Structures are given as structure tokens and as C-alpha cells.
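Notes follow the structure.
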Amino acid sequence: MASDKVQTITDGNFEDLIGGGTPVLVDFWAEWCGPCRRLAPTVEELAGDYDGKVVVGKMNVDENPNTTFKFSIRGIPTLLLFKGGQVVEQVVGLADKDALKKVIDKHVA
Amino acid sequence: MSTRNVIIIGSGPAGLTAALYSARANLKPLLIEGLEAGGQLMLTTLVENWPGFRDGIMGPELMGDMRAQAERFGAEIVRGNVTSVDLLSYPYLVKTADGVHRCRALIIATGATARLLGLPSERALLGHGVSTCATCDGYFFRGKPIAVVGGGDSAMEEAIFLTKFASHVTVVHRRATLRASKIMQDKAFANPKIAFEWNTEIEAIEDTGKGEVTAMVLRNSLTGARKAIVVDGVFVAIGHTPNTELFLGQVETDPNGYIITHSGSRTTVPGVFACGDVQDHHYRQAITAAGSGCMAAIDAEKYLEGLPQHLGEAQATA
């Protein structure tokens, strides 16, 4: 299952994860957000496609208000790509897999 | 590559109803969902005007049921986004990122997408206080003042929904009266948390430097007077744009991009049908979209029956 490759990111493990050497794609989502549910299968596929190259994880905004607030997330789904601990890309709303791959490929050799 | 009898593009009430009817007519339709799977009802909460549900039904639940019902009769529904269509070749060519499909009849049900105001500050702050989806993003504005732009039914629905979270909702409308239905107007006027700025347009949304919404600058179009109002969020509900880029130049559209239909759901290309909001800027209801989806399926079935034998006979392989 591709979903095994998607990590659960929380306020607790967020700093450690983005501080590592691998780029991290964070999907900010919530149960009550319809578009987030639509984006979920695409995020799962990306986790499989970039296995070993990008850490892909989901952060539930209900359960993790600190990180959500820190990055001024006021709309979901939002994807943030971190490299070297910094935000290098941001995608707000729905996007198809090809468009997301183009964004990620700019930062992944 | 096998040729399908019917391909349906779009998965709102129009597309799923077309899938249900063409599946029941044994046409084995393929439906390609599109990016915004389920359509605009996925962004709503309680739908109170879908006949048969006297207490209403949640939009996403209704769409899930419609989808399951179409699948029960053999409609094949796939994820994916159509990247191009070629209506000059026949059978018609439909491309997605994952592959190429051919079909004898095409049903366009791509719907319409929420429009933005077009301000530079608006795009920069999308996801950071500017939103087109109250049900998605209302949560972030608990106890905060916010604004809704627009004067139609969806603007009133968003404003009323957002009062559950926001401390105060300012409706900014460029005219002196609302376009919304009487029942929605009455609900909005009766809500103590909602105030109105009439004859007013948004000039700018602050603060792009900070990366979050802090205020909006309003201009009254009658007096020319400007004022700033402190808000944490701006919800834009000023109407929709039809999703017709794929078909421009191939089927006839009106000046606003809506597909023109005649004699039911027929477009200017034989065997190509359109239903739902992509061809309707007037009624724009779930029930009218579903009704027109049914019409498209019946029109497509009729068209396929009339095809010459050599084009129609591959039906068994579809």
C-alpha cells in the first residue's frame, strides 16, 4: 500500500523531520475538508514515486495547531515543501499529480 | 485502445446522472472525474432543496451516493484530469495524464469553478486568509472578524455558515440589492452577526508583506469614499467561470465561455453533448444539473442508435 509511505507529522516530530537532510512535503489537512480528501490519493502516489528522495507526510490541522499557526496556514489543503528546514514551495488548493511533480522536481535532483 | 460508446468528463450531479442513465442503457460509460471530483456540492454542507430529502442531505454524502449508484449499474469511474480532447478525429480522442481514450459519444460535464476578484493581493494571500471555500477554511477564523464578497445565494450561504466561527461577518457587495433568493436574503438579514457594505468594492487586501490577511480597503462606488476594515479573512463568492478551456474553438461557446446547447443537450458537434453548469449560467442548481445530465445520456443513446453499422458495431468490445 502506498499509504504506508505517508508519515504522520505532528507538532511533536515536525522540527526533527524538517531538520533532516531529506526534503519534506507536508500536506496540511483535516477530516472535515472535502478537497483534502480528494488530494489524499495523489499525495499517497507522490510518497511512492519519491520514496527515498522526499519524505511525504500529512499534518492534521485540528490536532497540530502550533505548526499550522507558525506557517500562517488559513486554508487547506495546503502543501509545503521544506528543504534544509526552510519552506521552498507552497501549493494552496487542489493540483494534479503532474503539476505537483514539476514543483517537487525543481528541488530534488 | 478500445473505443468506448460514451465518455463523460466531470463528476458533479450532471456527470454522475449522465453516467447512471447511460450505464442503465447498457452503454458501459467511462467517467473521468477531473480535479474537483464531486463538483461544487463537495464544498457545501446541508443541501435543503434536493427533492426527496425533507430534512436535507449533506452535499458530500449526496455526491458519494450518486457515484455509488452509477457504479452499481456498471459505470466505470476513474480518477484523473483530462488534458486535451480532439473533436476533429472520430472516434473522439480524450487524453489524460495516464492515457488516451476514444469514444463515439462525448458528454461534457466539467462544470464551473469559483471566480476570484483578480486583485494581486488576493492571489498572494490565497490560503493565508483569502479563500473560496467557507466549509474548508471557516475553521481557521474562530472568534475573528471576516468578510464575504458577493451578493448571490452562495455568498449568503457562506456568510451564514461562517457566523458559526467568526465574531462578525461583513458582506461586501457592489450593488444596492442582493441577487440571492428571498429565503437566503431573509436568513442573512436576520442574522445579528452579519453586516452589509452596499455599492462597495474591495480595492486591496492587506498585508502581503506579513503574508496574512489583516484588513481590506473598501471603496464606495457611489461616493468614492474609501475605508479600511480590520478582518482576518476574506471569502470570495462572486460567481463562477465555466471549465471550457479544453473545448474552446471545437464547440460553440457564448462570449462568457459557456457551451451553447440546442435541442436538449446537443452541442455544435454531432455526438458531443453538454450538461450542468458548463452550459448553464442561469439556473445553476444541483437538480437542474442532474436533469440535464439525464438529457445528455438519453441524447447520446439516441445518437449512438443512429450511427451507421460500421461505426456502431464495435459496441460489443467497449
Checklist entry - What shape does chain A take by its C-alpha gyration tensor, where a ≥ b ≥ c are the square roots of the eigenvalues and a/c under 1.5 counts as rounded, a/b above b/c as prolate, and the rest as oblate? => result rounded
Next on the checklist: Out of all DSSP beta bridges in chain B, what portion is antiparallel? Express it as a percent rounded to 5.
Outcome noted: 45
Next on the checklist: Can you tell me the length gained on complete extension of the stretch B:Lys28 to B:Lys227, counting 0.36 nm per residue apart and subtracting the Cα distance?
Outcome noted: 65.8 nm
Next on the checklist: Just to be sure I understand the model, the point goes 7 Å from the Cα along the line to the Cβ. What's the resulting B:Ser89 to B:Glu203 distance in nm?
Outcome noted: 5.4
Checklist outcome for this item: Of all DSSP beta bridges with both partners in the stretch A:6-109, the antiparallel percent, nearest 5, is 60
Item to check | Bridge type composition, the stretch B:116-236 - antiparallel percent by DSSP, nearest 5 | outcome: 40
Checklist entry - Taking only the alpha-carbon positions of the stretch B:116-236 and ignoring solvent, what does the Debye formula give for the base-10 log of I(q)/I(0) at q = 0.10, 0.19, 0.23 Å⁻¹? => result -0.26, -0.97, -1.41
Next on the checklist: Pick from B:Thr223, B:Thr288, B:Thr17 the residue whose mean-square fluctuation is largest in a GNM of chain B, springs joining Cα atoms under 10 Å.
Outcome noted: B:Thr223
Checklist entry - Does the stretch B:61-117 come out rounded, prolate or oblate, given a ≥ b ≥ c as the square roots of the eigenvalues of its C-alpha gyration tensor, rounded meaning a/c under 1.5 and, failing that, prolate meaning a/b above b/c? => result oblate
Checklist entry - Do any GluC sites (Glu not before Pro) in the stretch B:6-111 lie in a DSSP loop with no more than 13 other beta carbon atoms within 10 Å, and if so, which? => result B:Glu48
Next on the checklist: With unit charges on the beta carbons (Lys and Arg positive, Asp and Glu negative) and the dipole taken about the Cα centre of the protein assembly as shown, which residue among B:Met42, B:Asn220, A:Ala30 sits farthest to the positive side?
Outcome noted: B:Asn220
Checklist entry - What list do you get for B:Asp232, A:Asp62, A:Asp16 if you sort them by fewest beta carbons within 10 Å? => result A:Asp16, A:Asp62, B:Asp232
Checklist outcome for this item: The residues B:Thr163, B:Thr83, sorted from fewest to most surrounding Cβ atoms within 10 Å, come out as B:Thr83, B:Thr163
Checklist entry - Label points 7 Å out from Cα along the Cβ direction at A:Lys106 and B:Arg142: separation in nm? => result 3.4
Item to check | Length-normalised contact order for chain B - Cα pairs under 8 Å, 6+ apart - percent | outcome: 21
Checklist entry - Under a point spin-label approximation (7 Å from Cα along Cα-to-Cβ), what is the A:Val87-B:Thr268 distance to one decimal in nm? => result 4.5
Next on the checklist: Contact order normalised by length for the stretch B:1-158, with contacts defined as Cα pairs under 8 Å and 6 or more residues apart; what percent is it?
Outcome noted: 26
Item to check | GluC sites (Glu not before Pro) lying in DSSP loop within the stretch A:1-71, provided at most 10 other Cβ fall within 10 Å | outcome: A:Glu31
Next on the checklist: When only alpha-carbon atoms are used, what values of Rg and Dmax, in angstrom, describe the protein assembly as shown?
Outcome noted: 22.8, 69
Checklist entry - Within the stretch B:242-312, which chymotrypsin sites (Phe, Trp or Tyr not before Pro) sit in a loop by DSSP and count at most 16 neighbouring Cβ atoms inside 10 Å? => result B:Tyr283
Checklist entry - Relative contact order (percent) for chain A, with alpha-carbon contacts under 8 angstrom and 6 or more residues of separation? => result 35
Checklist entry - Can you sort B:Cys294, B:Cys136 so the residue with the fewest Cβ neighbours within 10 Å comes first? => result B:Cys294, B:Cys136
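No lab work stands behind these numbers, since they all come straight from the coordinates. Keep in mind that what you see is a predicted model, and the values were worked out from it rather than measured. Note: ideal-geometry Cβ built from the backbone for every residue, glycine included; neighbour counts use all protein chains shown.
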